[in-house]
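Enquirer: This is the structure I want to talk about, given as structure tokens.
The values are calculated or read from the model by the stated rules, or taken from the named source; none is laboratory data. All of these numbers come straight from a predicted model, not from anything done at the bench. Cβ coordinates were reconstructed from backbone atoms using ideal geometry, including for glycine residues, and neighbour counts include every protein chain displayed. Note: accessible area is taken over every heavy atom of the protein model, side chains too, but ligands, DNA and RNA are not part of it. Shrake-Rupley method; radii C 1.70, N 1.55, O 1.52, S 1.80 Å.
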Amino acid sequence: MNGLTNYVSCGVLWLGLAVKAPDLVRHRHDPYLRAICAVLGLAGLCFFLGAPPTVGAVNRLGGVTNLAAPLTYAAITAYGAASQVLIVRWRGGPDVRRTARRWTLAYAGVVVGIGVMFALGDAPVERRTDLDTYYATTPFIGEMIVLYLVAHLTAATVTLVSALSWARQVTGWLRAGLLVLGVGTLGNAGYSATKLVAVAARWSGHHWTALDTGVSPAAAGLGALLTAVGILIPLTGPRLAEWRRAGRAYTRLAPLERELDDVLSRHALRLPRPRWATPPTRLMWRQTSIHNALGHLDGSYDPLLYAETHEAALHATGDPARARVTAWAAVIAAAARRDREETAATRPGRTPLTVVPPLPAVPAVASLPAAPPLAAGPARPGGGTPPGEAPGGTSLPGAGPAGPARITGPAGTADRTQIADLAGIADALAASPLVAAVRRRARAVDGVRPA
């Protein structure tokens, strides 16, 4: 009877409360957050007060035998009411406040009734684990036990029906949370139902104490934990999904950052890597580094190479979007290579790579995922190619003024279309035969260039 299961369950539930506590402090007037924190806090309190060591300590400190019983019953009753109020707040509607107030007042009356019944009854023998069946036939104490069990079963049943009926009308994370909440509430209902069966058996002269001391606590523990998980799924699920998307985008951008690594290092354009950062923050850091490098290279992109590579990629793949990102990958790789060859003090005019033989025909690049079309750039008076644009007005994602950029905006709010464009370029750098051919041509030019 060390109460380890109770304390572990209490710790898990209060850990969830600790996770939501900062939000409650910032939005203390939000009734929805208050209901969530009330459910998590009261569920943990039920397990804490129901642990045998806690029962003995409360009885000893209070100086009243079995004083822990009405306190535990009151916490269980309040937890049942809080669960129902949470569903009411969660679902919303025109009569939310009135319905929540009715549930609160009704179960406040149950708590008062528990206190009155305990005061009128007599429970001289301390029972830490089987008080419900031991005093089931004692005047007033037996009524107190039935009162809290019926109230708890009623709240659990209504919450179960409400959660499952609402789950049929919604989708996504909310549906998953409601289904898990419904299963958890079923466990809560099993707690009170098995205790009522054990109490009824005691009335008929049978002793089914195992239901009271074994089955019902297990059902309560499982039910409370699943209820907490069901509450947290709609809150944490979208964030985890965003982290997963950001992590995948961060990985996809790695080839583009590696291509620009020397530019970033030589010109001190990379921001310090954030430590212990979330995936969206890491993605923003990598995207900002790429933007800085592309901004530094702005104006040195070869329009002839772009047109040549674009035509070859379009012929090979038949996909205009894929042809664009492949062409950009080629000119970025060429610009980064040219930057490595220039000194820090002077930047001689670039030598177009079109003096080498044309690109050979290549098979379709089926391994590259299609990227969305890049945004069309504005026309430039007097003709010519503006910085960051290729012939035809195709804007390069991230091209802009040179110099370090700052990470702005909260994590996870980066433009997904722009990330997809950069990821398409990164994929082409990693796998496109056309980009590989451009690199081979550049190495061939270096091999025949006079010293």
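Enquirer: Checking the conditions here, which among Ala68, Ala78 is open to solvent by 20 Å² or more (accessible area, probe 1.4 Å), at pLDDT 85 or above and closer than 29 Å to Leu120 by Cβ? Break it down into steps so the answer makes sense when it comes.
Expert: Numbers: Ala68 fails: open to solvent by 20 Å² or more (accessible area, probe 1.4 Å).
Answer to the selection: Ala78.
Enquirer: Mind checking which helices (runs of 4 or more DSSP H) fall wholly inside the range 1-62 and carry at least 1 residues that are hydrophobic (A, V, I, L, M, F, W, C) and surrounded by fewer than 15 Cβ atoms within 10 Å (Cβ to Cβ)?
Expert: Numbers: elements: 4-26, 31-50, 52-62.
Per the criteria, 4-26, 52-62.
Enquirer: How many residues, within the range 8-42, are more than 20 Å from the chain's Cα centre (by Cα) and more than 16 Å from Trp90 (Cβ to Cβ)?
Expert: Step one: filter the range 8-42 for residues more than 20 Å from the chain's Cα centre (by Cα), giving 8-11, 25, 28-31, 34-35, 38-39, 41-42.
Within this subset, residues satisfying the condition of being more than 16 Å from Trp90 (Cβ to Cβ) are 8-11, 25, 28-29, 41-42.
Selection size over the range 8-42: 9.
For every residue, the table says whether it meets (1) under 17 Å from Ala333 (Cα atoms); (2) in contact with a Phe, Trp or Tyr (Cβ under 9 Å, 6 or more places away or on another chain).
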{"position": "Thr278", "(1), (2)": "no, yes"}
{"position": "Arg282", "(1), (2)": "no, yes"}
{"position": "His296", "(1), (2)": "yes, no"}
{"position": "Gly299", "(1), (2)": "yes, no"}
{"position": "Pro303", "(1), (2)": "yes, no"}
{"position": "Tyr306", "(1), (2)": "yes, yes"}
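Enquirer: For the range 296-338, which residues satisfy the criterion of being touching a Gly at 6+ places or on another chain (Cβ under 8 Å) and β-branched (Val, Ile, Thr)?
Expert: Hit for the range 296-338 is Val325, nothing else.
Enquirer: Looking only at the range 127-141, which residues are surrounded by fewer than 20 Cβ atoms within 10 Å (Cβ to Cβ) and either closer than 22 Å to Thr104 by Cα or of a type in the set (S, T, N, Q) (or both)?
Expert: Correct list: Thr129, Thr137, Thr138.
Enquirer: Oh, and also: Does at least one position in the range 236-247 carry a residue that is at pLDDT 90 or above, surrounded by fewer than 20 Cβ atoms within 10 Å (Cβ to Cβ) and over 28 Å from Ile36 (Cα atoms)?
Expert: yes
Enquirer: What's the number of the condition Ser289 fails, among (1) small (Gly, Ala, Ser); (2) surrounded by fewer than 18 Cβ atoms within 10 Å (Cβ to Cβ); (3) more than 30 Å from Val180 (Cβ to Cβ)?
Expert: Looking at each condition in turn, Ser289 falls short on (2).
Enquirer: Now a separate question. Does the range 82-93 contain any residue that is open to solvent by 10 Å² or more (accessible area, probe 1.4 Å), small (Gly, Ala, Ser), farther than 17 Å from Gly223 by Cα and in a helix (DSSP H, G or I)?
Expert: no
Enquirer: Restricting attention to the range 248-264, and to residues there that are touching a residue at least 40 places away in the same chain (Cβ under 8 Å) and either closer than 15 Å to Pro279 by Cα or within 17 Å of the chain's Cα centre (by Cα) (or both), which single residue is least open to solvent (accessible area, probe 1.4 Å)?
Expert: Looking at the filtered set, the residue picked out is Leu253.
Enquirer: For the range 97-107, check the following and say yes or no: at least one residue is open to solvent by less than 30 Å² (accessible area, probe 1.4 Å) and either touching a Ser or Thr at 6+ places or on another chain (Cβ under 6 Å) or closer than 22 Å to Thr154 by Cβ (or both). If you could, list the steps in order and put the result at the bottom.
Expert: Let us first name the residues in the range 97-107 that are open to solvent by less than 30 Å² (accessible area, probe 1.4 Å), namely 100, 107.
Imposing the further condition that a residue be either touching a Ser or Thr at 6+ places or on another chain (Cβ under 6 Å) or closer than 22 Å to Thr154 by Cβ (or both) reduces the set to 100, 107.
Yes, some residue in the range 97-107 is open to solvent by less than 30 Å² (accessible area, probe 1.4 Å) and either touching a Ser or Thr at 6+ places or on another chain (Cβ under 6 Å) or closer than 22 Å to Thr154 by Cβ (or both).
Enquirer: While we're here: May I ask you to verify whether Ala68 is more than 26 Å from Gly142 (Cβ to Cβ) and either touching a residue at least 12 places away in the same chain (Cβ under 8 Å) or aliphatic (A, V, I, L, M) (or both)? Explain how you work it out, then say what you get.
Expert: Values: more than 26 Å from Gly142 (Cβ to Cβ): no; either touching a residue at least 12 places away in the same chain (Cβ under 8 Å) or aliphatic (A, V, I, L, M) (or both): yes.
Answer is no for this residue.
Enquirer: With Leu232, Leu179, Leu222 as the choices, which residue is surrounded by fewer than 21 Cβ atoms within 10 Å (Cβ to Cβ), hydrophobic (A, V, I, L, M, F, W, C) and in contact (Cβ under 8 Å) with a residue 60 or more places away in the chain?
Expert: On the way: Leu179 fails: in contact (Cβ under 8 Å) with a residue 60 or more places away in the chain; Leu222 fails: in contact (Cβ under 8 Å) with a residue 60 or more places away in the chain.
That would be Leu232, the only listed residue that is surrounded by fewer than 21 Cβ atoms within 10 Å (Cβ to Cβ), hydrophobic (A, V, I, L, M, F, W, C) and in contact (Cβ under 8 Å) with a residue 60 or more places away in the chain.
Enquirer: Turning to a different aspect of this structure: Name the one entry in Arg89, Arg98 that is under 41 Å from the mean Cα position of the chain (by Cα) and within 18 Å of Cys37 (Cα to Cα).
Expert: Working: Arg98 fails: within 18 Å of Cys37 (Cα to Cα).
Arg89 is the lone residue from the list that is under 41 Å from the mean Cα position of the chain (by Cα) and within 18 Å of Cys37 (Cα to Cα).
Enquirer: Of these, Ala167, Ala155, Ala151, Ala193, which one is farther than 14 Å from Thr77 by Cβ, among the small types (Gly, Ala, Ser) and touching a residue at least 24 places away in the same chain (Cβ under 8 Å)? Walk me through it before giving the result.
Expert: Working: Ala167 fails: touching a residue at least 24 places away in the same chain (Cβ under 8 Å); Ala155 fails: farther than 14 Å from Thr77 by Cβ; Ala151 fails: farther than 14 Å from Thr77 by Cβ.
Going through Ala167, Ala155, Ala151, Ala193 in turn, the sole match is Ala193.
Residue by residue, here is whether (1) among the small types (Gly, Ala, Ser); (2) over 35 Å from the mean Cα position of the chain (by Cα); (3) open to solvent by 10 Å² or more (accessible area, probe 1.4 Å); (4) closer than 18 Å to Asp427 by Cβ holds:
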| residue | (1), (2), (3), (4) |
| --- | --- |
| Arg266 | no, yes, yes, no |
| Leu294 | no, no, no, yes |
| Gly299 | yes, yes, yes, no |
| His315 | no, yes, yes, no |
| Arg324 | no, no, yes, yes |
| Glu341 | no, yes, yes, no |
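Enquirer: Considering the range 262-282 alone, what residues qualify as being under 14 Å from Glu342 (Cα atoms) and assigned to a loop (DSSP other than H, G, I, E, B)?
Expert: Selection gives His267 alone.
Enquirer: Which residues, counting only those in the range 267-314, are out of contact with any helix residue (DSSP H, G or I) (no Cβ under 8 Å at 6 or more places or on another chain), under 30 Å from Ala437 (Cβ atoms) and at pLDDT below 85?
Expert: Residues satisfying the conditions are Asp298, Gly299.
Conditions (1) at pLDDT 90 or above; (2) closer than 14 Å to Val199 by Cα; (3) crowded, with 19+ Cβ neighbours inside 10 Å, marked per residue:
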{"site": "Ala119", "(1), (2), (3)": "yes, no, no"}
{"site": "Val125", "(1), (2), (3)": "yes, no, no"}
{"site": "Glu143", "(1), (2), (3)": "yes, yes, no"}
{"site": "Val146", "(1), (2), (3)": "yes, yes, no"}
{"site": "Ala151", "(1), (2), (3)": "yes, no, yes"}
{"site": "Ala155", "(1), (2), (3)": "yes, no, yes"}
{"site": "Ala163", "(1), (2), (3)": "no, no, yes"}
{"site": "Trp166", "(1), (2), (3)": "no, no, no"}
{"site": "Val170", "(1), (2), (3)": "no, no, no"}
